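> Handing you a structure now.
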Amino acid sequence: MKTELLIGNEWRAAARRYCLVNPATEEPLAEVAEAGEAEIDAAVQAARACLESKQWRELPARKRGLLLFRLADLLEQRANEIAEVETRNNGKPLFESKIDVAMAIETFRYYAGWADKLTGDTLPVSGNFFTYTLREPVGVVAAIVPWNFPLNLATWKVAPALAAGCTVVLKPAHETPLTALMLGELAIEAGFPAGALNVVPGPGSTAGAALVRHPGVDKIAFTGSTEVGRWIMREAAGTLKRVTLELGGKSPNIVFADADLAAAVRGAQNGIFYGKGEVCAAGSRLLVEKAVHDQLIEELAERAKKLTPGDPFEKNTRLGAIVSRRQQETVLSYIEAGKKEGARLVAGGNPAKVNGKGYYVEATVFDAARPGMKIVDEEIFGPVLAVLTFENEAQGIELANRSMYGLAAGIWTKDIQKAVARAIKAGTVWVNTYNFYDPAAPFGGYKASGFGRDLGREALDNYTETKTVWVGL
Ligand code: NAD
């Protein structure tokens with residue numbers, strides 16, 4: 001597969017290359033070109049040249065949509081291969097990578113359909129005027145994405161940006177650039193003009209920072225940690241770039257005593273252990289009403305103990321390898337903190353290996369956790385669940401909202417009258433379900449989880465400017 005930089009539909013060598021490691025086997029996986037400042041500049045210039053070229057600017061919106069449909073078809077043709085590459089690079093079970101690729105395809109089709117439906121308004125202004133608005137592309141978009149859903153999260157930005165008529169420089173996470181490069185390859189094959197989509201792997205502190213500072217970038221669409229999001233927002237002020245930030249989370253999954261407990265236990269398990277817990281919306285704080293606490297903990301601990309880490313390519317594996325040794329160390333340090341701070345470890349808690357290799361961590365559950373503990377207050381981004389107890393609805397809501405984050409939440413209850421969904425400060429609330437996503441459903445955060453929404457009609461607003469036109473009659 002291609003491992004150079006994709007700039008202006010050409011594969012370009014870079015001054016430096018770096019080695020990727022398969023986190024499940026600890027073996028070298030591929031060597032990839034690393035973009036430096038000069039290459040980032042070239043990619044931005046290619047994106048700008050395309051933006052201003054007739055080939056892109058004058059391309060009828062419906063044809064733009066057609067290119068996106070074609071890209072979706074090409075992704076579909078190579079879906080299995082792409083999923084395998086994602087699993088080798090990220091360590092997630094193959095069945096999860098297949099779900100990721102399926103969603104990437106749907107996301108392109110969803111936004112392909114929007115390309116020729118971005119309409120303005122006619123406005124009832126005072127006076128003798130015909131006044132209307134146009135939706136115009138915001139310009140060159142820098143899409144900066146993390147390593148947990150490398151292809152999927154890239155498409156959440158690339159698809160609406162291209163549909164709106166923007167051009168894109170995509171910087172995948174340093175650890176997981178492979179499926180983004182495959183996406184670039186398919187964009188050429190689909191017939192996108194040179195510069196519409198550029199893909200430039202590289203570290204955040206160099207390649208990412210160069211993109212954020214570049215005066216030729218109009219908008220930054222970022223998904224990643226809250227810490228880096230803050231830095232980007234400050235740095236983007238210098239050139240007044242438009243910014244949307246999808247940041248971290250510490251989402252509460254709230255189980256009321258009247259819930260279908262079997263479903264709630266499955267939901268709690270899926271909420272934290274899907275994606276090895278490397279999921280921004282992971283239900284990492286399980287809040288349980290006291291009356292059902294003991295039963296729930298017992299069932300959950302039993303399930304967690306059975307959820308042993310496995311080879312991501314094995315069909316029954318439900319817990320893959322942590323993305324890198326560094327992330328494994330971070331997760332293990334949180335587990336140590338949980339023990340020290342007095343939470344009760346009821347499942348897991350150890351690193352693991354599969355066939356003697358890999359950066360695995362056991363499915364870990366801490367009971368008797370309290371606000372003020374690191375495992376409750378901070379995002380771990382690993383398979384570690386903190387369980388807290390509450391006495392009544394008001395206390396449950398108060399605990400749920402006691403976090404700087406506000407990305408998502410789950411509620412388990414049979415009582416639809418419980419007006420909890422409105423009381424939770426989060427961008428997504430799942431009721432009697434968890435971790436569902438769809439291209440039509442906006443996703444994003446409240447509070448320190450960021451602002452702006454990926455997906456849905458809303459995401460298109462991130463990639464358009466409104467122009468008001470007054471015609472004197
Ligand atoms: P990260 O913030 O370290 O990196 C994210 C991306 O930003 C990577 O491409 C990285 O190279 C780049 N980057 C890092 N420093 C940069 C800088 N100074 N300038 C420009 N770019 C820079 O995050 P991560 O560790 O890759 O991912 C985990 C984080 O992402 C978690 O906090 C998680 O919650 C968050 N996340 C959020 C969502 C969401 O939709 N809200 C989705 C997935 C992940």
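The values are calculated or read from the model by the stated rules, or taken from the named source; none is laboratory data. These numbers were taken from a predicted model, which means no experiment stands behind them. Virtual Cβ from ideal backbone geometry, glycine too; neighbours counted across all protein chains shown.
> In this structure, does Glu278 turn out to be within 16 Å of the ligand (Cβ to nearest atom) and acidic (Asp, Glu)?
yes
> Which of the residues that make up the range 63-89 are within 16 Å of Ala196 (Cα to Cα) and out of contact with any helix residue (DSSP H, G or I) (no Cβ under 6 Å at 6 or more places or on another chain)?
Lys63, Arg64, Leu66 - these are the residues of the range 63-89 that are within 16 Å of Ala196 (Cα to Cα) and out of contact with any helix residue (DSSP H, G or I) (no Cβ under 6 Å at 6 or more places or on another chain).
> Going through the range 291-301 one residue at a time, which ones are of a type in the set (Asp, Glu) and surrounded by 13 or more Cβ atoms within 10 Å (Cβ to Cβ)?
Listed by number, the list holds a single entry, Glu299.
> For the range 1-86, please list each of the helices (runs of 4 or more DSSP H) lying entirely inside it that holds at least 1 residues being touching a residue at least 24 places away in the same chain (Cβ under 8 Å) and of a type in the set (Val, Ile, Thr).
Result: 37-52.
> Given (1) of a type in the set (Gly, Ala, Ser); (2) crowded, with 24+ Cβ neighbours inside 10 Å; (3) over 22 Å from the mean Cα position of the chain (by Cα), where does Ala282 come up short, assuming only one miss?
(3)
> So, in the range 192-205, of the ones that are within 21 Å of the chain's Cα centre (by Cα) and buried (at least 16 other Cβ atoms within 10 Å of the Cβ), which residue ends up nearest to the ligand (Cβ to nearest atom)?
Among residues in the range 192-205 that are within 21 Å of the chain's Cα centre (by Cα) and buried (at least 16 other Cβ atoms within 10 Å of the Cβ), the one nearest to the ligand (Cβ to nearest atom) is Gly204.
> Quick one: Asp367 ticks every box in (1) in contact with a Ser or Thr (Cβ under 9 Å, 6 or more places away or on another chain); (2) among the acidic types (Asp, Glu); (3) within 16 Å of the ligand (Cβ to nearest atom) except a single one, so which number is it?
Condition not satisfied by Asp367: (3).
> Another question about this same structure. Quick one: which residue in Glu329, Glu341 is of a type in the set (Asp, Glu) and either in contact with a Gly (Cβ under 6 Å, 6 or more places away or on another chain) or more than 27 Å from Gly396 (Cβ to Cβ) (or both)?
That would be Glu329, the only listed residue that is of a type in the set (Asp, Glu) and either in contact with a Gly (Cβ under 6 Å, 6 or more places away or on another chain) or more than 27 Å from Gly396 (Cβ to Cβ) (or both).
> Filtering the range 447-456 down to residues that are under 15 Å from the mean Cα position of the chain (by Cα) and within 12 Å of the ligand (Cβ to nearest atom), which residue is nearest to Cys280 (Cα to Cα)?
Ser449
> Name the pairs whose Cβ atoms lie under 9 Å apart, with the first residue in the range 208-234 and farther than 30 Å from Glu52 by Cα, the second away from the ligand (no atom under 11 Å from the Cβ) and assigned to a loop (DSSP other than H, G, I, E, B), and 6 or more positions between them or separate chains?
Taking only residues 6 or more apart or on different chains, the pairs are Thr226/Met404.
> Can you name every residue in the range 208-225 that is closer than 16 Å to Ala281 by Cα and either more than 8 Å from the ligand (Cβ to nearest atom) or surrounded by fewer than 19 Cβ atoms within 10 Å (Cβ to Cβ) (or both)?
Ser225
> Within the range 132-149, how many residues are away from the ligand (no atom under 16 Å from the Cβ) and part of a loop (DSSP other than H, G, I, E, B)?
The total comes to 2.
> To continue, here is another question. When you go through (1) in a helix (DSSP H, G or I); (2) at pLDDT 95 or above one by one for Gly249, which number turns out not to apply?
For Gly249, the exception is condition (1).
> Now, a different point. Please specify each residue of the range 240-268 satisfying the condition of being over 25 Å from Val431 (Cα atoms), touching a helix residue (DSSP H, G or I) at 6+ places or on another chain (Cβ under 7 Å) and not hydrophobic (A, V, I, L, M, F, W, C).
Selection gives nothing.
> Still on this structure: Select from the range 212-238 the residues that are touching a Gly at 6+ places or on another chain (Cβ under 9 Å) and either at pLDDT below 95 or part of a helix (DSSP H, G or I) (or both) and write down the one among them that is nearest to Glu39 (Cα to Cα).
Per the criteria, the residue is Arg213.
> Identify, by number, the condition in (1) outside any loop (DSSP other than H, G, I, E, B); (2) out of contact with any Ser or Thr (no Cβ under 8 Å at 6 or more places or on another chain); (3) more than 14 Å from the ligand (Cβ to nearest atom) that Val288 doesn't meet.
Result: Val288 fails condition (2) only.
Per-residue answers, yes or no, for (1) farther than 29 Å from Arg344 by Cβ; (2) within 16 Å of the ligand (Cβ to nearest atom); (3) surrounded by 17 or more Cβ atoms within 10 Å (Cβ to Cβ); (4) within 17 Å of the chain's Cα centre (by Cα):
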{"site": "Met373", "(1), (2), (3), (4)": "no, no, yes, no"}
{"site": "Glu391", "(1), (2), (3), (4)": "no, no, no, no"}
{"site": "Ala394", "(1), (2), (3), (4)": "no, no, no, no"}
{"site": "Glu398", "(1), (2), (3), (4)": "no, no, no, no"}
{"site": "Trp430", "(1), (2), (3), (4)": "no, yes, yes, no"}
{"site": "Asn435", "(1), (2), (3), (4)": "no, yes, yes, yes"}
{"site": "Asp438", "(1), (2), (3), (4)": "yes, yes, no, yes"}
{"site": "Glu458", "(1), (2), (3), (4)": "yes, yes, no, yes"}
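> All but one of (1) crowded, with 16+ Cβ neighbours inside 10 Å; (2) over 30 Å from Leu29 (Cβ atoms) hold for Lys340; which doesn't?
(1) is the only condition that Lys340 fails.
> For the range 228-256: of the residues being aliphatic (A, V, I, L, M) and more than 12 Å from the ligand (Cβ to nearest atom), which is surrounded by the fewest Cβ atoms within 10 Å (Cβ to Cβ)?
The qualifying residue surrounded by the fewest Cβ atoms within 10 Å (Cβ to Cβ) is Leu240.
> Quick test for you: out of Ala159, Ala173, pick the one residue that is surrounded by 24 or more Cβ atoms within 10 Å (Cβ to Cβ) and under 20 Å from Ala72 (Cα atoms).
Just a single option satisfies the conditions, and that option is Ala159.
> Another question about this same structure. Within the range 442-458, is there a residue that is under 28 Å from Ala262 (Cβ atoms) and modelled with pLDDT of 95 or more?
Among the residues of the range 442-458, at least one is under 28 Å from Ala262 (Cβ atoms) and modelled with pLDDT of 95 or more, which makes the answer yes.
> Here is a further query. For the list (1) within 22 Å of Ser403 (Cα to Cα); (2) not in a loop (DSSP other than H, G, I, E, B), I need the number of the one condition that Lys305 fails.
It fails just one condition, (1).
> Here is a further query. Determine which member of the set Ala115, Ala164, Ala104 is buried (at least 18 other Cβ atoms within 10 Å of the Cβ), within 16 Å of the ligand (Cβ to nearest atom) and in contact (Cβ under 8 Å) with a residue 40 or more places away in the chain.
Of Ala115, Ala164, Ala104, the one residue that is buried (at least 18 other Cβ atoms within 10 Å of the Cβ), within 16 Å of the ligand (Cβ to nearest atom) and in contact (Cβ under 8 Å) with a residue 40 or more places away in the chain is Ala104.
> So which residues in the range 315-347 are within 27 Å of Glu175 (Cα to Cα), more than 16 Å from the ligand (Cβ to nearest atom) and of a type in the set (D, E, K, R), if there are any at all?
Of everything in the range 315-347, those that are within 27 Å of Glu175 (Cα to Cα), more than 16 Å from the ligand (Cβ to nearest atom) and of a type in the set (D, E, K, R) turn out to be Lys315, Arg318, Glu336.
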